[in-house]
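Worksheet: the structure to be examined is printed underneath.
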Amino acid sequence: SMARMAESGGPSNIIVDFAPLHGRIALTTDEVRWDDLPSEPAPLTPAEQRFTEELVASITSRRKMFATPSEVFRKGTVGRALRLLRDQVLYEDHRDWSIAALSSERLRWFARRLSNSGRYEQPVAGEPYLFFPLHIPVDTAITVRAPQFQHQEHTIEYLAERARPTGMMIYAKPHPAGIDYFQASMLRTIRAIPGVRLLEPTLNSHELIAGSRGVVVVNSTAGFESLFYLKPVVVLGRVFYRGQGVTTDVENLGDLRRMVHQAIAHPPNRDAVFRFIHACYQATSPGEFGNPSEANVERVAAALVAKSGRIKARLAGESP
């Protein structure tokens, strides 16, 4: 809503966006693009080159995922339920949630966890594959920014039947933070597609990226992480790293086969990728998403003040 108001002449809005760089956040006035990213990253100085090489080496050696597997009953779930029950009794007219909704949600998740547990597979050693990370079905990255790909099972079917290189499998993995959001019918459909393996959601995505021949994404941050491994990345949706010269961007689904083969034949240029990664680091700010500590709040507040100053300078036509 704020973005639409800004587009209609209202005040600029700053989105505190998740950045797939540990310890960094992105502040942007655009729903998709990071507006502090340069249109063409400059060549790196020797010091910047060393910093970027160390950053890439750190990430590819640690292989630490951002998402953690979801749990049906998390720590604090019982306490939250008791607080909701108290609020229902004390504040009947001010309920944002209910015990019934919480209970039915957890029961639905538990049933899905049981029914889906036997549908997942493990990677096969030595098998060539393209990696396709699945979005959480209710994620706005796909429901709002890429609704044409919201039924991901159909996208995977199209990829497997019409664009998959001969002898290569498609490894599809549900997002670990949303295991219980995937309906059984969706997973059954994916599992039944020839040439596709439905992988266990808790598998490390970095390991799957490193072993792949390439990655096909809608708007997943796994596409950005794949650049650290210099893997070909085919982008279907609208995401901040699209159109930066380091990915293969698909405009028309009918071109997908050609684009997949083109991406595999021409992996991204190392120098271009390193310039882009460095530009992304510079375009983000210190801070962590969802960390309420006083130190983190101060970091994010300072970043917001600095971002506001850059916006003011840009509107005034000055140098920030």
List, please: which pairs have Cβ atoms under 6 Å, are six or more places apart or on different chains, and start with a residue in the range 289-315 that is free of Cβ contacts under 8 Å to residues at least 60 places away in the same chain and end with one that is open to solvent by 80 Å² or more (accessible area, probe 1.4 Å)?
N296/E288; A313/P320
Kindly evaluate V196 against the criterion of being surrounded by 23 or more Cβ atoms within 10 Å (Cβ to Cβ), more than 13 Å from the chain's Cα centre (by Cα) and more than 23 Å from D30 (Cα to Cα).
yes
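So that you can scan it fast, the table gives a plain yes or no per residue for (1) under 17 Å from S226 (Cβ atoms); (2) under 15 Å from the mean Cα position of the chain (by Cα):
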| residue | (1), (2) |
| --- | --- |
| T143 | no, yes |
| Q148 | no, no |
| T155 | no, no |
| D180 | no, no |
| A184 | no, no |
| N204 | yes, yes |
Please verify whether L256 is aliphatic (A, V, I, L, M), surrounded by 11 or more Cβ atoms within 10 Å (Cβ to Cβ), out of contact with any Cys (no Cβ under 7 Å at 6 or more places or on another chain) and farther than 21 Å from L27 by Cβ, treating the condition exactly as stated.
yes
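Here's the yes/no breakdown for (1) assigned to a helix (DSSP H, G or I); (2) touching a residue at least 24 places away in the same chain (Cβ under 8 Å):
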| position | (1), (2) |
| --- | --- |
| R113 | yes, yes |
| G118 | yes, no |
| A125 | no, no |
| L159 | yes, yes |
| S185 | yes, no |
| R188 | yes, yes |
| R191 | yes, yes |
| P194 | no, yes |
Taking the range 48-62 only, how many residues are open to solvent by 60 Å² or more (accessible area, probe 1.4 Å) and either free of Cβ contacts under 8 Å to residues at least 40 places away in the same chain or in contact with a strand residue (DSSP E or B) (Cβ under 8 Å, 6 or more places away or on another chain) (or both)?
4
Being open to solvent by 70 Å² or more (accessible area, probe 1.4 Å) and modelled with pLDDT under 95 is the filter here; which residues of the range 265-293 pass it?
E288, F289, G290, P292
Matching residues in the range 234-274 (hydrophobic (A, V, I, L, M, F, W, C), more than 23 Å from L44 (Cα to Cα) and within 16 Å of the chain's Cα centre (by Cα)) number 4
Could you check the range 16-29 and list, in sequence order, the residues that are surrounded by fewer than 16 Cβ atoms within 10 Å (Cβ to Cβ) and either assigned to a strand (DSSP E or B) or among the charged types (D, E, K, R) (or both)?
F18
Inspect the range 75-96 for any residue being at pLDDT below 80, over 26 Å from G290 (Cα atoms) and open to solvent by less than 70 Å² (accessible area, probe 1.4 Å) and give the result as yes or no.
yes
Going through the range 170-205 in order, the residues found to be of a type in the set (D, E, K, R) and in contact with a Pro (Cβ under 7 Å, 6 or more places away or on another chain) are K173
Residues located in the range 173-183, provided they are farther than 22 Å from V233 by Cα, open to solvent by less than 20 Å² (accessible area, probe 1.4 Å) and assigned to a helix (DSSP H, G or I):
G178, I179, D180
What do you reckon, is E40 farther than 24 Å from T140 by Cα and either buried (at least 16 other Cβ atoms within 10 Å of the Cβ) or of a type outside the set (F, W, Y) (or both)?
yes
Which one is modelled with the lowest pLDDT, of the residues in the range 1-13 that are open to solvent by 50 Å² or more (accessible area, probe 1.4 Å) and of a type outside the set (S, T, Y)?
M2
Can you tell me how many residues within the range 150-194 are among the small types (G, A, S) and touching a helix residue (DSSP H, G or I) at 6+ places or on another chain (Cβ under 8 Å)?
3
Mind counting the residues in the range 202-221 that are assigned to a helix (DSSP H, G or I) and within 17 Å of A67 (Cα to Cα)?
5
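The values are calculated or read from the model by the stated rules, or taken from the named source; none is laboratory data. This is a predicted model, so every value here is computed, not measured. So basically every Cβ, Gly included, is an ideal-geometry build from the backbone, and we count neighbours across all protein chains shown. When the accessible area is computed, the model is the full protein with side chains, heavy atoms only, and any ligands, DNA or RNA have been set aside. Shrake-Rupley method; radii C 1.70, N 1.55, O 1.52, S 1.80 Å.
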